[in-house]
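Undergrad: Sharing a structure here in structure tokens format.
The values are calculated or read from the model by the stated rules, or taken from the named source; none is laboratory data. Note that the structure is predicted; figures quoted are calculated from it, not measured. FYI the Cβ positions are ideal-geometry reconstructions off the backbone, even for glycines, and counts take in every protein chain you see. Ligands, DNA and RNA are excluded from the accessible area calculation, which covers all protein heavy atoms including side chains. Shrake-Rupley method; radii C 1.70, N 1.55, O 1.52, S 1.80 Å.
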Amino acid sequence: MSQPSNRVFSGVQPTGNLHLGNYLGAISKFVALQESHECIYCVVDLHAVTVWQDPEKLRSNIREVTAAFLAAGIDPDKHIVFNQSQVAEHAELAWIFNCVARMGWLSRMTQFKEKAGKDRENASVGLFSYPTLMAADILLYRATHVPVGDDQKQHLELTRDIAAKFNNDFSALITKYGHGESYFPMTKPLIEGPATRVMSLRDGSKKMSKSDPSDLSRINLADDADTIAKKIRKAKTDPEPLPDTVDALKSRPEADNLVGIYAALSNSSKADVLAHYGNEPFSVFKPALADLAVEKLAPINAEMRRLISEEEHVDAVLRQGAERARSIATETMKEVKEIIGFLT
Ligand code: TYM
């Protein structure tokens, strides 16, 4: 199988509370990339179970993330939408990568340190080796580009390290079997625009996150218009009016975050937003932001609700996507097995 030149892969965990950060940092980018790339989007349920999930809730969360993909505008006929556990090759390649990646590399992953917290002895082995599964997700399809939020940057660096070590460890066989100099590509992260790290609405120094105990800290894709407006109204800010330069936002994390959200939702830049709202008080800016957020998110929310009630349709999309993903994945695994010396 020849190496594709512009294949996108990305994934979202079905762990509930999909929020504006997931949408602006990832899902909205997935939608845009469909115009120029061959795209594969995955609901990464194998990643979700690295921490315990209620089985019934997990099943509904898998459908909810799929519904969000479709409601945001991902076309499952032109591109591939599936859930990870239906394509067993993800786990199979992750095992090979567990044997390529080094303990030291994984020990440096900041997300593991954050998620495991102080009680590291009690974290699952899966949570520790999570980034090798993520590398397998991407490299199973030999994807060239991966749109993600800023928090995934280190995992993508690790993916490149794994690809480079595999290419190097097996270079003679890779050439022997006709794959040229290297088998896996050096995948490029796509982390661009004004909202690669959307922050909590309650604390501008913390990332907006699914697991924040305060629901006021995030705008959920499932929130209705009133809730969205209320959360923006209550968002923490400082007492000063907005500055008129992007530079002046640096020392004002909450203002910076809201301006970034406005810029991303309106497909413009922070400078454009400040050209319009610079020197305005939050009493003017917040209602404008609330209107914009409702205008952009309400249709997605309505379509998500509709799709969630059509369980069979969503399941059929995932089944069909898994079949198409599997046809690429089996081919890669066959070649990987040949390269590393397994009998095929
Ligand atoms: P997950 O499920 O935590 O998040 C999904 C996507 O949303 C982005 N994101 C954010 N972007 C901006 N601001 C925020 N506050 C914010 N919070 C989350 C994430 O960066 C991500 O792009 N490990 C991944 C899932 C994954 C994956 C992959 C991604 C598994 N395999 C292969 C890409 C390629 C994760 O936990 O994302």
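Undergrad: I'd like the accessible area for residue 79, computed on protein heavy atoms only with a 1.4 Å probe and all protein chains in place. Round to 10 Å², please.
TA: Roughly 20 Å² of residue 79 is accessible to a 1.4 Å probe.
Undergrad: Another question, if that's okay. Would you give the gap between the C-alpha center of the range 295-326 and the C-alpha center of the range 28-74, rounded to a whole Å?
TA: Rounded to whole Å, the Cα centres lie 9 Å apart.
Undergrad: Now for a different question. At 20 °C and 1.002 mPa s, what whole-number value in µm²/s does Stokes-Einstein give for the translational diffusion of the chain, with Rh from the Kirkwood sum over Cα pairs?
TA: It diffuses with D of about 101 µm²/s by this estimate.
Undergrad: Work from the charge dipole of the range 215-306 (Cβ charges, +1 for Lys and Arg, -1 for Asp and Glu, about the Cα centre) and give the residue of 292, 248, 217 farthest towards its positive end.
TA: The residue sitting farthest along the positive end of the dipole is 217.
Undergrad: Given +1 on the Cβ of Lys and Arg, -1 on the Cβ of Asp and Glu, and no further charges, what dipole in debye does the chain carry about its Cα centre, rounded to the nearest 20?
TA: 700 debye
Undergrad: If you average 1/r across every pair of different Cα atoms in the range 215-306 and take the reciprocal, what Kirkwood value do you get, in Å?
TA: One over the average 1/r among Cα pairs gives 13.5 Å for the range 215-306.
Undergrad: For the chain, find the longest principal axis of its Cα atoms and tell me its angle to the long axis of helix 311-340, 0 to 90°, nearest 10.
TA: Helix 311-340 sits at roughly 40 degrees to that axis.
Undergrad: To continue, here is another question. Between beta-carbons, use under 15 Å as the cut-off and find the net charge around residue 46, counting Lys and Arg +1, Asp and Glu -1.
TA: Here the count lands on -2.
Undergrad: I would also like to ask the following. How far apart, in nanometres, would the label points at residue 203 and residue 77 be if each is projected 7 angstrom from Cα along the Cα-to-Cβ direction?
TA: Distance between the two pseudo-spin positions: 4.7 nm.
Undergrad: Moving to a separate point now. So how exposed is residue 177, as accessible area in Å² (1.4 Å probe, rounded to 10)?
TA: 80 Å²
Undergrad: With all protein chains present and a 1.4 Å probe, how do 39, 99 order by accessible area, largest first?
TA: Final ranking, largest accessible area leading: 99, 39.
Undergrad: Find, among the trypsin sites (Lys or Arg not before Pro) in the range 74-122, those assigned to loop by DSSP (not H, G, I, E, B) with at most 15 other beta-carbon atoms within 10 angstrom.
TA: Answer in residue order: 78, 102, 108, 118.
Undergrad: Going toward the positive end of the dipole of the range 188-324, with +1 on Lys and Arg Cβ and -1 on Asp and Glu Cβ, which of 200, 304, 261 do you reach last?
TA: Result: 200.
Undergrad: Run lengths n ≥ 4 of DSSP H only: what is the helix-derived mean residue ellipticity at 222 nm for the chain, with -39500 (n - 2.57) per run over all residues, to the nearest 500?
TA: Helix contribution divided over all residues of the chain: -16000 deg cm²/dmol.
Undergrad: Further, regarding this structure: Could you state how much accessible area residue 105 has, in square angstrom rounded to the nearest 10, with a 1.4 Å probe and all protein chains kept in place?
TA: Around 50 Å² of this residue is reachable by solvent.
Undergrad: When the dipole is taken about the Cα centre of the range 215-306, and only Lys, Arg (+1) and Asp, Glu (-1) are charged at their Cβ, what size is it in debye, to the nearest 20?
TA: Its charge dipole is roughly 300 debye.
Undergrad: Also, I was wondering about something else. Taking all protein chains in place and a 1.4 Å probe, what share, in percent, of the accessible surface of the range 215-306 do carbon and sulfur account for?
TA: Carbon and sulfur atoms account for 51 percent of the accessible area of the range 215-306.
Undergrad: So, one more: Determine the alpha carbon to alpha carbon distance for each of 113/176; 234/296; 29/250 and list only those over 31 Å.
TA: 113/176
Undergrad: In nm, what is the difference between 0.36 nm times the number of residues separating residue 165 and residue 1 and their Cα-Cα distance?
TA: 57.0 nm
Undergrad: If you don't mind, there's one more thing I want to ask. Looking at the P(r) of the range 236-288, how many percent of alpha-carbon pairs lie beyond 18 Å?
TA: The answer is 15 percent, as a whole percent.
Undergrad: Can you give me the relative contact order of the chain as a percent, contacts being Cα pairs under 8 Å and 6 or more apart?
TA: Averaging sequence separation for qualifying contacts and normalising by length gives 24 percent for the chain.
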